[in-house]
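The values are calculated or read from the model by the stated rules, or taken from the named source; none is laboratory data. Everything quoted here is computed from the prediction, not taken from an experiment. Note that we place each Cβ from the backbone using ideal geometry, even for glycine, and neighbour counts take in every protein chain shown. These area figures cover heavy atoms from the full protein model, side chains too; ligands, DNA and RNA do not enter into them. Shrake-Rupley method; radii C 1.70, N 1.55, O 1.52, S 1.80 Å.
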Amino acid sequence: MKYAHSIKLTVFSYENENVQNILDAFLKFFPFNLEENKVELKKTEAKGTTESNITIFEVVLTKTNLINQFLDFILDNLSDEQKQTLLRQIESRLDENLDFFIRFDKEEWIKNNKLELTDSGKCFHLKINVAAFPRKREVGLKIINELFSK
């Protein structure tokens, strides 16, 4: 089943953080080799509000088989309790474009290889563009329910 048209994972690395550690942790989200699958790892340099340097890493997946592998990896690394939390918060996490948003705690993933849901800004940002046909919110909600109930 096709759950998503695209998936975007983003992380910000701040000046006081080890950029290589952030990149290594970011790449651990992908159960396949990005380069071999011709997936671009985008790196952007930006300035923060205090003129500090920020490095932004971003990957967008659009191939169904890579999206499914990625989603399986995420589902395998979430507890049943976390999946239930996402389902309870489904209304606030799904926007009008049928993008479903999740944030994972950066420190917990880097230090312990553990996905932990968070609302803080120090996180890995995941955006899942839900493949709903017809493109209606009710259909999107149903697909997200199916995905996190697997």
Go through (1) part of a strand (DSSP E or B); (2) under 15 Å from Val11 (Cα atoms) for Glu108 and report which single condition fails.
(1)
Condition check: open to solvent by 70 Å² or more (accessible area, probe 1.4 Å) and of a type in the set (Asp, Glu). Does Glu17 satisfy that?
no
When the residues of segment 96-150 are filtered to those that are closer than 16 Å to Asp80 by Cα, touching a residue at least 24 places away in the same chain (Cβ under 8 Å) and buried (at least 19 other Cβ atoms within 10 Å of the Cβ), which remaining residue is nearest to the chain's Cα centre (by Cα)?
Ile102
Out of the residues in segment 40-90 that are charged (D, E, K, R) and touching a residue at least 40 places away in the same chain (Cβ under 8 Å), state the one that is farthest from Phe133 (Cα to Cα).
Glu58
Odd one out for Gly48, checked against (1) surrounded by 13 or more Cβ atoms within 10 Å (Cβ to Cβ); (2) touching a strand residue (DSSP E or B) at 6+ places or on another chain (Cβ under 8 Å):
(1)
